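Right, one structure below, let's go through it.
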Amino acid sequence: MTETIADDAPDLEFDLKVLPKVSLHDHLDGGLRPATIIDLAAEVGHTLPSTDPVALGEWFRESADSGSLVRYLETFDHTIAVMQTKEGLFRVAKEFVEDLADDGVVYGEVRWAPEQHLQRGLTLDEVVEAVQAGLDAGVEAVSETGREIQVGQLITAMRHADRSQEIAELAVRHRHQGAVGFDIAGAEDGFLPSRFKDAFTYLAQHNFPATVHAGEAAGLESIQSALVDGRALRLGHGVRIAEDVSIEFEEAESDGTEGDEVPDTIGMVTLGDLAGWVRDRGIALEICPSSNLQTGAISGFGEGIESHPVDMLYQLGFNVTINTDNRLMSGVTLTDEFELLVETFDYDLDDLLELTLNAAEAAFLPLEEKEALVEYINEAYADLG
Ligand SMILES: [Zn+2]
């Protein structure tokens, strides 16, 4: 066993930023730079809560942390307002890629809902093309600095709207121009994936992959519908699958060793059929630790990050991947999320490698590219070890 990073040095032996990472769940409209929002807002005449980048960044984090869903959703009004022109979309997408690369991300899937970016007259195809041009420019800018990153779009439909079929067709239309998958986002509770059954059937008929937000604001019924009606190959968050796992602790008998005063406890783990399906079939869980804490997705398991079921799911062999969700609102990077796990659960380099390989293998990439990604990550970790 390798020494844990935490054992080596409480302050970490090296910056986890250098680790090659895979980001599968990161919203384009949740990852803008505050300074960019201010620039773009001035261009389109949108009023912001603050025009100071530091204060604006804090406003986003505080609103997301307030416990008020209304305030949380208000944050997206501002980011989406400045992403209504080709120039705005291009810049946000380009910087998104550059910021991922600075965080050590070598492969990223960027999700966003084109239907939310039509307020100034652009069409669905135009906004997808503008974002793709920005992503390409970001990849190019990163490569000019001697690094490499690959990105793909996850075309998302909003659950409260009624455009899922149109958005599914949009995604399939752009499959060879940057779109790698489909998702539904927005209000999960009350909007089961079964409502969008036709769109998911269309995607399946076109062999186009879907990941579905489920198991965040709603529980097992939502996850079941994501898997059955959505044919989800991955679950956006999926963290509430832990509600289908029960662990009963009982005291183990002392083995008689001297000084063994405190008997160990033994946990008897039982997986329900749904949890068994998700674990045994290797359905990837796109877990976003900080975001889950902010939105109350894990409030049923206790307070604080130490109550997050991510570790339990990981130890039980679920296909756990680690993600950021909304870097601006949560004020985090993927490096921060890794550090949080190292600090909270004592994860070592082997754990971080496993979580990263899980994400690489769950990426919506062709097999050869996935294998190349896995090899790259393994080699980079071997060099560090
Ligand atoms: Zn999300």
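The values are calculated or read from the model by the stated rules, or taken from the named source; none is laboratory data. This is a predicted model, so every value here is computed, not measured. Please note: Cβ atoms are built from the backbone with ideal geometry, for glycine as well, and neighbour counts cover all protein chains shown. Keep in mind that these areas ignore ligands, DNA and RNA; they rest on the heavy atoms of the full protein, side chains included. Shrake-Rupley method; radii C 1.70, N 1.55, O 1.52, S 1.80 Å.
Residues in the stretch 197-220 that are away from the ligand (no atom under 16 Å from the Cβ) and open to solvent by less than 60 Å² (accessible area, probe 1.4 Å): 10 in all.
Results for (1) open to solvent by less than 10 Å² (accessible area, probe 1.4 Å); (2) part of a helix (DSSP H, G or I); (3) touching a residue at least 24 places away in the same chain (Cβ under 8 Å), shown as yes or no for each residue.
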| residue | (1), (2), (3) |
| --- | --- |
| PHE76 | no, yes, yes |
| THR79 | yes, yes, yes |
| GLY88 | yes, yes, yes |
| VAL92 | yes, yes, yes |
| TYR107 | yes, no, yes |
| GLN116 | no, yes, yes |
| LEU122 | no, no, yes |
| VAL142 | yes, yes, yes |
| GLN153 | yes, no, yes |
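Determine whether ILE167 is part of a strand (DSSP E or B) and either of a type in the set (Val, Ile, Thr) or closer than 17 Å to GLY108 by Cα (or both). No: the conditions fail for ILE167. Those helices (runs of 4 or more DSSP H) of the stretch 282-385 in which 2 or more residues are open to solvent by 10 Å² or more (accessible area, probe 1.4 Å), among the aliphatic types (A, V, I, L, M) and out of contact with any strand residue (DSSP E or B) (no Cβ under 9 Å at 6 or more places or on another chain) occupy 349-362, 367-384.
Filtered by the rule that a residue be open to solvent by 20 Å² or more (accessible area, probe 1.4 Å) and farther than 19 Å from VAL92 by Cβ, the stretch 16-42 gives LYS17, VAL18. Of the set (1) modelled with pLDDT of 95 or more; (2) away from the ligand (no atom under 16 Å from the Cβ); (3) part of a strand (DSSP E or B), all apply to GLN224 but (3). Testing VAL105 on (1) closer than 30 Å to GLU371 by Cα; (2) more than 23 Å from the chain's Cα centre (by Cα); (3) of a type in the set (A, V, I, L, M), one condition comes back false. Which one is that? With (1) closer than 30 Å to GLU371 by Cα; (2) more than 23 Å from the chain's Cα centre (by Cα); (3) of a type in the set (A, V, I, L, M) applied to VAL105, the lone miss is (2).
On the stretch given as the stretch 280-292, residues that are away from the ligand (no atom under 13 Å from the Cβ) and among the charged types (D, E, K, R) total 2.
If you go through the stretch 129-140 and keep only what is free of Cβ contacts under 8 Å to residues at least 60 places away in the same chain and either surrounded by fewer than 22 Cβ atoms within 10 Å (Cβ to Cβ) or under 22 Å from the mean Cα position of the chain (by Cα) (or both), you end up with GLU129, GLN132, ALA133, GLY134, LEU135, ASP136, ALA137, GLY138, VAL139, GLU140. With respect to (1) more than 19 Å from the chain's Cα centre (by Cα); (2) outside any helix (DSSP H, G or I), the lone exception for ARG195 is condition (2).
Rundown of residues vs (1) at pLDDT below 95; (2) closer than 23 Å to ALA363 by Cα; (3) not β-branched (Val, Ile, Thr), yes/no style:
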| position | (1), (2), (3) |
| --- | --- |
| ALA179 | no, yes, yes |
| GLY186 | yes, yes, yes |
| PHE208 | no, yes, yes |
| ALA232 | no, yes, yes |
| GLU243 | no, no, yes |
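The condition of being away from the ligand (no atom under 16 Å from the Cβ) and modelled with pLDDT of 95 or more holds for only one of LEU334, LEU316, LEU328, that being LEU316.
Might you check whether a residue that is at pLDDT below 95, of a type in the set (Val, Ile, Thr) and not in a helix (DSSP H, G or I) occurs anywhere in the stretch 251-259? Within the stretch 251-259, one or more residues are at pLDDT below 95, of a type in the set (Val, Ile, Thr) and not in a helix (DSSP H, G or I).
For the stretch 172-184, a tally of residues being in a strand (DSSP E or B) and either more than 10 Å from the ligand (Cβ to nearest atom) or open to solvent by 10 Å² or more (accessible area, probe 1.4 Å) (or both) returns 5. Checking the conditions here, which among ARG231, ARG240 is open to solvent by 60 Å² or more (accessible area, probe 1.4 Å), within 20 Å of GLY276 (Cα to Cα) and either among the charged types (D, E, K, R) or within 16 Å of the ligand (Cβ to nearest atom) (or both)? Going through ARG231, ARG240 in turn, the sole match is ARG231. With respect to the stated conditions, SER68 is free of Cβ contacts under 8 Å to residues at least 40 places away in the same chain and surrounded by fewer than 14 Cβ atoms within 10 Å (Cβ to Cβ). Checking the structure you have, find out if any residue of the stretch 293-307 is within 16 Å of the ligand (Cβ to nearest atom) and at pLDDT 95 or above. Within the stretch 293-307 (the criterion being within 16 Å of the ligand (Cβ to nearest atom) and at pLDDT 95 or above), the answer is no, since none of the residues qualifies. Being among the small types (Gly, Ala, Ser), in a loop (DSSP other than H, G, I, E, B) and modelled with pLDDT of 95 or more is true of GLY146.
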